[in-house]
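The values are calculated or read from the model by the stated rules, or taken from the named source; none is laboratory data. Note that the structure is predicted; figures quoted are calculated from it, not measured. Ideal geometry is used to build each Cβ from the backbone, glycine not excepted, and the neighbour counts take in all protein chains shown. The area values use the complete protein model at the heavy-atom level, side chains included, leaving out ligands, DNA and RNA. Shrake-Rupley method; radii C 1.70, N 1.55, O 1.52, S 1.80 Å.
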Amino acid sequence: MDVQRLEAITASFVSEHRLPGAAVGIVRDGGLAWSHGYGYADRDRGSVPDPQTVYRVASIRKTFTASSILQLRDAGRLRLDDPLVAHVPEAAAITNPFGPVEDITLRRLLLHTSGLQGEHPIDDPRSEPFGSIADVIRDFGRMHVVIPPDTQMKYCNIGYQMLGAVVERLGGMPFAAYVQQHLLAPLGLTRTAFDPEPALCAVGYVGRSYSDDLPRASLHPSGLFEADGGLWSCVEDLARWCAFWLGRDHEEVLARTTRDEMLRPWIVSDAEWKEAQGLCLYWRRHGDERYVGHAGALHGFITRFALSPKEGLGAIALLNGMGDAEALAFDLLDQAVAAQRAQPLPQPDPPAPLASAYAPLLGRYVWEEFAEVVTVEWRENALMLLIEDEQLTLEPTADPVRFTMRGHRYRPNGDTAWFVVGDDGRATHVNVGGYPLTRQ
């Protein structure tokens, strides 16, 4: 990576947007590969941000809430299509003019497609719409589904507070304690907290620095945003969080297959196909690239982490003023992606020997009626079935001629590939998920 270029991008961004400062980082190979602080974490003290300077990361908190829900799902405590009311009976008081209250499901809350109002009810139009998990439960009777479910990706903060209530009920402890015990501690996120020591924290500022007189932002208690925005963290810890999403370790925290499920785009959320919503995490197009992650914004702080799972890279941008942290994170990630692609490709490991039982299955198969051609090959130390640009792994079963096809993005995922073997021991046909093909 061109470190001088990365530092110049950061300095230019802070200066152009008249920000107090920024802390940034690049994640590669399972850790923080580069970090930089520019400007001030606290203007009064003249302190420069570093990788351990703690910022309010706001809605990045939602990624921890969603991960907690998926942990409980994997433990068999819930299903994503469960109605909220099944786990938090008080939710029966929510008004849904479009159908039963059971239409508010955990999956829809994760995807922001429940149709619920976005924020906590208020009594005074001059007040801000904040409320703890307990406040949300108390005020269910004042909440409404305002658009039909599944008709729009409608960002919903109180929906994540509701998910926090589910975590409390099924986890058997306060939400903050659950996240600490099941996510922060196992992953070593030692400076990530609801209420960190003030001396560790950057100061959030209002507006932009057109003069030396830049007021401090309001500092609300984290308890008002427990499951949707009440978290503080730093570049060092968020690098570990990014590495968790990109890597294959920490299966005991959340299975790699579950992380892949959460990283998958589930709903295209705009007419230009530039955004897609997943189970909390969301995708954005940036030029020719597609990045996934989450942002956060609360008084005096704008934050973002972004990932390129294809390249195994991530970027973090933490601002203690009002600026587009996503733009900075994406620009830094662009540089890291370009630098990595400019490197020579590593030599691949030699393939494992082909199992003798698979040799008779290799070859091209045709479904003549539809001119469909598939190829069975030995690739990446596995038996593969190739259809156009897609490849499916063939997982063996107890029957030596039947395999389960695996490939997240293709129609036959989970279906059976069933070979017919002739008298000479070579395969003559394969049935792919119900469709018969003849060997050429």
- request: For the stretch 199-222, state whether one or more residues are part of a strand (DSSP E or B) and either among the basic types (Lys, Arg) or open to solvent by 60 Å² or more (accessible area, probe 1.4 Å) (or both).
  value: yes
(Q) Checking the structure you have, find out if any residue of the stretch 49-57 is at pLDDT 95 or above and open to solvent by 60 Å² or more (accessible area, probe 1.4 Å). (A) yes
Restricting attention to the stretch 172-198, the residues that are among the polar types (S, T, N, Q), in contact (Cβ under 8 Å) with a residue 24 or more places away in the chain and open to solvent by 30 Å² or more (accessible area, probe 1.4 Å) number exactly 1
Listed by first then second residue, the pairs whose first member lies in the stretch 229-247 and is closer than 14 Å to Ala317 by Cα and aromatic (Phe, Trp, Tyr), whose partner is open to solvent by less than 10 Å² (accessible area, probe 1.4 Å) and at pLDDT 95 or above, with beta carbons under 6 Å and at least 6 positions apart or on separate chains, are Trp232/Val54; Trp232/Arg56
Scanning the stretch 279-310 for residues that are within 27 Å of Gln71 (Cβ to Cβ) and open to solvent by 10 Å² or more (accessible area, probe 1.4 Å) gives Tyr282, Trp283, Arg284, Arg290, Ala295, Ala297, Leu298, Pro309, Lys310
Matching residues in the stretch 368-400 (open to solvent by 40 Å² or more (accessible area, probe 1.4 Å), under 34 Å from the mean Cα position of the chain (by Cα) and farther than 22 Å from Asp424 by Cα) number 10
Is there a residue in the stretch 154-171 that is open to solvent by 10 Å² or more (accessible area, probe 1.4 Å), of a type outside the set (Gly, Ala, Ser), in a loop (DSSP other than H, G, I, E, B) and in contact with a helix residue (DSSP H, G or I) (Cβ under 6 Å, 6 or more places away or on another chain)?
no
In the stretch 1-41, anything at negative phi, at pLDDT below 95 and charged (D, E, K, R) is listed as Asp2, Glu16
Residue pairs qualifying under the 7 Å Cβ cut-off, at least six apart or on distinct chains, with the first in the stretch 96-114 being of a type in the set (Ser, Thr, Tyr) and the second being open to solvent by less than 60 Å² (accessible area, probe 1.4 Å) and modelled with pLDDT under 95, are Thr113/Met153; Thr113/Ile267
If we keep only residues of the stretch 75-128 that are under 14 Å from Asp139 (Cα atoms), assigned to a loop (DSSP other than H, G, I, E, B) and among the acidic types (Asp, Glu), then the residue least open to solvent (accessible area, probe 1.4 Å) is Glu119
Among Ala297, Ala306, the single one that is within 30 Å of Asp42 (Cα to Cα) and touching a residue at least 60 places away in the same chain (Cβ under 8 Å) is Ala297
Within the stretch 354-367, residues being under 15 Å from Thr428 (Cα atoms), of a type outside the set (Val, Ile, Thr) and touching a strand residue (DSSP E or B) at 6+ places or on another chain (Cβ under 7 Å) number 8
### Message
Scan the stretch 334-348 and tell me whether some residue there is over 30 Å from Phe305 (Cα atoms) and at pLDDT below 95.
### Response
yes
Checked the stretch 223-259 for anything open to solvent by 30 Å² or more (accessible area, probe 1.4 Å) and either of a type in the set (Phe, Trp, Tyr) or not in a loop (DSSP other than H, G, I, E, B) (or both); matches are Gly223, Leu224, Glu236, Arg240, Leu246, Thr257
Filtering the stretch 401-415 for residues that are open to solvent by less than 60 Å² (accessible area, probe 1.4 Å) and part of a strand (DSSP E or B) leaves a count of 3
